[in-house]
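The values are calculated or read from the model by the stated rules, or taken from the named source; none is laboratory data. Note that the structure is a prediction, hence the values are computed from the model and not measured. Here the Cβ positions follow ideal geometry from the backbone for every residue, glycine too, while neighbour counts run over all protein chains shown.
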Amino acid sequence: MSYIQTTNVAPMTEEVILEGCLRNDPNAQRELYNQYSPKMLAVCYRYAHNREDAEDMLQEGFIKVFLQLRTFENRGSFEGWIRKIIVHTCINILKKNKKFNESVDLIHASSIQIREESVPAVVQVKQIVESIRSLPIGYRTVLNLFAIEGYSHREISQLLDIEESTSRSQFTRAKSMLEDLLIKKNILQPKQKTDWLQAVGQQ
């Protein structure tokens, strides 16, 4: 696909890009991809098993972005609109092969004391993402959707075809498992409070 190729052209404004894409202008399509694909690849990477899978998710997601451009109504962030399509694409791909209703020790999960630690430096976000990807698929997907993308547990239950209580339980367990991993790696320091997961979503 021609819009996947990179080129050294002067940046276009969002309005010019949109207008060009609606006219099926290859330069505008290429510019849209070049501007937004790096951040969207980072989103895909948090859901994927490996980089190759993330790139496949990205390509399929951008095909949908181009096909659905006429539905964008300039309400809210264009990047946010793209990100929503990418996230839904990731979820749909995962749902083809996996089940998200993984077994969860509900008694153990309900008794976990959630800790809020701090990330000493943004450079460690990469290590956090790698740790997220080491979680079981159900855990990491719920964690990504709730803590980073901002979906409610009700919305997650509908996206993944699971019970709302399951979404809550998986998030609780996932966050605890992730914090334990990060403390062992000396990325987080106990007893310091901050919304460290938000730093991951901003990358």
Response to the item:
Per the list (1) part of a helix (DSSP H, G or I); (2) modelled with pLDDT under 95, residue check on E73 breaks on (1)
Worksheet item: Looking at K175, K185, which is the one that is modelled with pLDDT under 85, assigned by TED's automatic domain parsing to the domain that holds I137 and among the charged types (D, E, K, R)?
Response: K185
Practice prompt. Residue by residue through the range 45-62, note down the ones that are touching a residue at least 12 places away in the same chain (Cβ under 8 Å), farther than 15 Å from K95 by Cβ and within 14 Å of the chain's Cα centre (by Cα).
Written response: Y45, R46, A54, E55, L58
Discussion item. Given (1) among the hydrophobic types (A, V, I, L, M, F, W, C); (2) within 17 Å of K96 (Cα to Cα); (3) surrounded by fewer than 21 Cβ atoms within 10 Å (Cβ to Cβ), identify the lone condition not met by M57.
Written reply: (3)
